[in-house]
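All remarks here apply to the structure that follows.
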Amino acid sequence: MHNPVTQGPANPGPAQQFRHYVQLMRLDKPIGIWLLLWPMLWALWLAGEGHPDGGVFIVFVLGVIIMRSAGCVLNDLVDRNIDPYVERTRHRPIASGAVTPVEALTLFVGLSLIAIGLAAMLNRPAQLLAIVAALLTLAYPFIKRYVSVPQLFLGAAFGWAAPMAFAAQTGETAQLAWLVFGTALVWAVIYDTFYAMVDRDDDIKAGVKSTAVLFGDLDLFVIGGMQLLMLAALLFIGDMAELSAWYYLTIVIVAMLMGYHQWLARARKKSGCFAAFLHNHHIGMVVFIGILLHYTFNPAPL
């Protein structure tokens, strides 16, 4: 098959090449950072009972940005022979020839070294969990070639910051930490299935597996079931953490947002599915606001 790669400029200037690196790390599309950030913030505020350690907070925010960037670089490096044939991805820096595989690999190694440095600032329990996070990040780009539900692995990678945050804040991973992790995992399957619905036709042609391909015509029905499961998990979090009415009010808002996402994707048009994916960011934000309001108006003793 002919590779439809469009070669980038022969000698791009430093500023233009820097923009290509930014695009490769998806820093120009921060939705992935937010989707990673919210579960981490849920966990950190719950673990710290509204008063997370400032140093831990800074390390985790930087860690989310660095690890998401590294994951994007690795994903595009692994998919460099697939992206040129997918409408949405053919203009990515590696697929278009703007960034070479060697440059991408160098950038990935650099980001990984920064991540290791950040992990070194955490306590031993969090460092051990960081090793698992690194393995999940490395494995995900390859998983979608062999497993029909790669979104589960993506959810594990995106939600792993939750037990890490508990370990860094408290020195242990309580039952609540794993409940937050499970909730984040289910949420990732929801929003990434919306995302995969955009590429379903191209993925089928390229042989890439996804939940959108697996669920087929039942996609919105299965997503609805997972949305109900996530709402139940959020209720369990509120009960286990003894959160107040402020938090439960935000769960009502989350349920309304989920209904709106179903409406956006109702015709399974690419634009509607992608809009539903992007709008999931608001779910993470609303849940965090609920946790924040609880600890603001019902503060735990210092």
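Some observations on this one:
- Contact order normalised by residue count of the range 15-297, Cα under 8 Å, 6+ apart, percent: 21 percent
- P(r) tail fraction, the range 1-125 - alpha-carbon pairs more than 25 Å apart, %: 34 percent
- Take every pair of alpha-carbon atoms less than 8 Å apart whose residues are at least six positions apart; their mean separation over the length of the range 176-239 yields a relative contact order of 45 percent.
- In order along the range 277-294, phi translates into HN-Hα couplings of 4, 4, 6, 4, 3, 5, 5, x, 5, 5, 4, 5, 4, x, 5, 5, 5, 4 Hz, rounded to whole numbers, per the Karplus curve 6.51 cos²θ - 1.76 cosθ + 1.60 with θ = phi - 60° and x for Gly and Pro.
- Crossing angle, helix 150-159 versus the chain [Cα axis fit, 0-90 degrees, rounded to tens]: 50 degrees
- Extension gain, residue 229 to residue 204, is 6.2 nm, computed as 0.36 nm per intervening residue step minus the present C-alpha separation.
- Exposure proxy order (Cβ contacts within 10 Å, fewest to most) of 131, 283: 131, 283
- Our coupling estimate for the range 211-223, obtained by passing each phi through the Karplus curve with A = 6.51, B = -1.76, C = 1.60 and θ = phi - 60°, is 5, 4, 5, 5, 6, x, 5, 8, 3, 5, 5, 5, 4 Hz, Gly and Pro reported as x.
- Top of 180, 198, 78 by mean-square fluctuation, Gaussian network on the chain, Cα under 10 Å: 78
- For the pair the range 161-229 and the range 41-73, the centres of their Cα atoms are 20 angstrom apart.
- Computed Kirkwood radius, in angstrom, where 1/r is averaged over Cα pairs of the chain: 20.0 Å
- The mean sequence distance of close C-alpha pairs (under 8 Å, at least 6 residues apart), as a share of the length of the range 139-267, puts its relative contact order at 25 percent.
- Helix 245-264 and the longest principal axis of the Cα set of the chain meet at an angle near 30°.
- Debye-sum result for the range 149-302 in log10 I(q)/I(0), which assumes one identical scatterer on each alpha carbon, at q = 0.11, 0.13, 0.16 Å⁻¹: -0.46, -0.62, -0.89
- Here the range 258-302 and the range 79-96 have alpha carbon centers that stand 30 Å from each other.
- Here the average projected area of the convex hull drawn through the C-alpha atoms of the range 51-123 stands at 5.9 nm².
- When the helices of the chain are scored as -39500 (n - 2.57) per DSSP H run of n ≥ 4 and the total is divided over every residue, the value at 222 nm lands at -24000 deg cm²/dmol.
- Arranged from fewest to most other beta-carbon atoms within 10 Å of their beta carbon, 209, 144, 29, 270 become 29, 270, 209, 144.
- With both labels modelled 7 Å from their Cα along Cα-to-Cβ, the residue 139 to residue 106 distance reads 3.2 nm.
- Ellipsoid semi-axes for the range 127-192, based on the Cα gyration tensor and the rule √(5λ), read 22, 14, 7 Å when sorted largest first.
- Sites residue 269 and residue 240, calculated FRET efficiency, Cβ-Cβ separation with R0 25 Å, nearest 0.05: 0.05
Read-outs: derived from the displayed coordinates by stated rules, not from any lab. Small disclaimer: the values here were computed from a predicted structure and weren't measured. So basically every Cβ, Gly included, is an ideal-geometry build from the backbone, and we count neighbours across all protein chains shown.
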